[in-house]
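All remarks here apply to the structure that follows.
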Amino acid sequence: MSHAPQPVISSTGLFTPAEAISNEELVASFNKYVALHNSKNAGAIAAGEVAELTESSVEFIEKASGIGSRFVVDKAGILDPEHMAPRLPERSNDEISILAEIGVAAAQDALARAGRDASEVDAVLCAASNMQRAYPAMAVEIQDALGIDGFGFDMNVACSSATFGIQTAADYIRAGHAKSVLVVNPEICSGHLNWRDRDSHFIFGDVATAILVEDKAIAPAGHWDILGTRLKTVFSNNIRNNFGFLNRTHGGIDQDGPKTDKLFVQEGRKVFKEVVPMVANMIVGEMKKLGLEGSDMRRLWLHQANTNMNRLIAHKVLGHEASEDESPTVLDTYGNTSSAGSIIAFHLHHEDMQAGDTGLICSFGAGYSAGTVFVRKT
Ligand SMILES: CC(=O)SCCNC(=O)CCNC(=O)[C@H](O)C(C)(C)COP(=O)(O)OP(=O)(O)OC[C@H]1O[C@@H](n2cnc3c(N)ncnc32)[C@H](O)[C@@H]1OP(=O)(O)O
């Protein structure tokens with residue numbers, strides 16, 4: 001008798017860049033940039049034609065966000081006060097692109113942990129907040145580099161790309177179109193972060209994660225049953241990046257100022273106020289549908305944007321202040337890594353979970369977008 005396919009998470013993978021920037025290093029370089037700007041423009045500032053820039057501070061960053069450090073693919077370019085952006089030499093079309101390269105590294109880690117050969121995978125979804133180019137799809141390049149016979153495509157739902165990818169992969173498995181799907185989240189956030197913007201220069205870091213979603217019938221022992229997934233989007237301009245292929249038709253791309261809408265911009269306070277209740281209500285509503293109480297939740301692997309947001313969301317879900325064990329953070333070392341954040345938290349903090357333990361992978365971000373994936377350890 002054949003059973004209906006049931007999607008599970010077989011494993012996850014992580015690629016962490018070799019270089020990291022501490023808050024102290026970041027603020028020292030930012031403040032040098034501020035001093036350079038203010039002395040170069042002293043006359044115009046005195047005449048009221050150019051705004052004087054203000055220094056950043058380590059204390060503010062830690063208190064406002066919980067971020068302590070971030071990994072990056074090019075530290076020197078970011079910390080150069082005359083440059084303030086990563087320097088990544090352009091590669092020829094015959095070389096693997098950097099976004100695909102880090103995605104492949106995370107995918108290989110996930111495959112190895114599941115004991116799965118790439119030839120057994122049917123599909124690759126590259127789910128991330130920024131693709132390196134318009135086409136060909138990053139997913140198809142990753143598929144080719146891994147030697148997978150099947151199909152792949154890119155999907156972008158900003159910080160929620162990974163959970164939207166997990167649900168999409170699970171749907172392919174339920175529908176019988178695939179038995180093994182790799183969801184890959186390469187995030188080079190240093191490329192779209194405005195390192196000259198005091199309000200946001202501390203937020204993001206670089207990383208890649210991967211999730212292997214498979215039919216339970218072929219999954220390795222110790223996999224995670226997916227109890228339920230839920231996706232939600234509500235349009236908002238409060239997190240926005242206007243970079244795109246039509247920029248050249250509007251008359252030039254401004255990338256160099258302290259404020260530019262062709263990089264990440266946000267109304268952080270509004271995001272905080274609007275997203276916390278949206279996500280908390282979504283999780284609680286979904287728990288009700290699945291027959292789960294706060295006390296049933298062994299661990300929450302929440303999106304890693306801000307410790308204060310996570311504290312409030314976790315409190316609403318659990319009914320009490322969450323311990324680090326119940327709602328682990330990776331912000332102190334990784335910063336915000338967009339779609340990869342909740343997957344890093346899961347990847348680094350699941351080994352101690354016992355068979356039967358229930359947890360939640362949850363993302364939220366630009367769109368607004370939010371996704372929940374309730375899982376149970378087998
Ligand atoms: C969901 C996502 O992943 S999107 C990306 C991340 N977004 C989020 O996390 C959204 C949630 N919002 C937040 O976390 C917060 O709004 C933050 C961390 C972005 C900013 O924290 P806030 O406390 O809201 O800072 P806010 O911008 O209101 O500034 C507060 C004060 O600090 C000052 N300040 C801002 N940046 C800095 C800095 N780098 N160093 C020192 N002081 C600073 C401001 O000038 C302001 O001073 P004032 O009170 O004298 O006017």
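For the reader, a short list of remarks on this structure follows.
- Per residue, the accessible area of region 111-196 comes to 36 Å², computed with a 1.4 Å probe over protein heavy atoms only.
- Normalised contact order of region 79-198, rounded percent, pairs of Cα under 8 Å and 6 or more residues apart: 33 percent
- Sulfur and carbon atoms: percent of accessible area, the chain [1.4 Å]: 52 percent
- Calculated P(r) of the chain - Cα pairs past 35 Å, %: 25 percent
- Taking every protein chain into account, the accessible area of region 267-378 amounts to 38 square angstrom per residue (probe 1.4 Å).
- For region 90-187: rounded, prolate or oblate by the Cα gyration tensor [a/c cutoff 1.5]: oblate
- Each Lys and Arg adds +1 at its Cβ and each Asp and Glu adds -1 at its Cβ; summed about the Cα centre, region 64-207 shows a dipole of about 420 debye.
- Protection-proxy order for peptides 38-45, 64-71, 110-117, each taking the mean of Cβ atoms within 10 Å per residue, highest first: 64-71, 110-117, 38-45
- Dipole magnitude (debye, nearest 20) for region 167-257, charges at Cβ of Lys, Arg, Asp, Glu: 260 debye
- Signed unit charges on C-beta, dipole axis of region 223-369, positive-most listed residue Gly335, Gly244, Leu231: Gly244
- Rounded to 10°, Cα long-axis angle of helix 161-174 versus longest principal axis of the chain: 20 degrees
- With only the Cα atoms considered, region 247-363 has a convex hull volume of 145 Å³ per residue.
- Total charge dipole magnitude, the chain, about the Cα centre, Cβ charges on Lys, Arg, Asp, Glu only, Debye to nearest 20: 1060 debye
The values are calculated or read from the model by the stated rules, or taken from the named source; none is laboratory data. Here the structure is a predicted model, which means the values were calculated and not measured. Positions of Cβ are generated from backbone atoms using ideal geometry, with glycine treated the same way; all protein chains shown enter the neighbour counts. Each accessible area value is taken on the protein alone, full model and side chains, heavy atoms only, with ligands, DNA and RNA left out. Shrake-Rupley method; radii C 1.70, N 1.55, O 1.52, S 1.80 Å.
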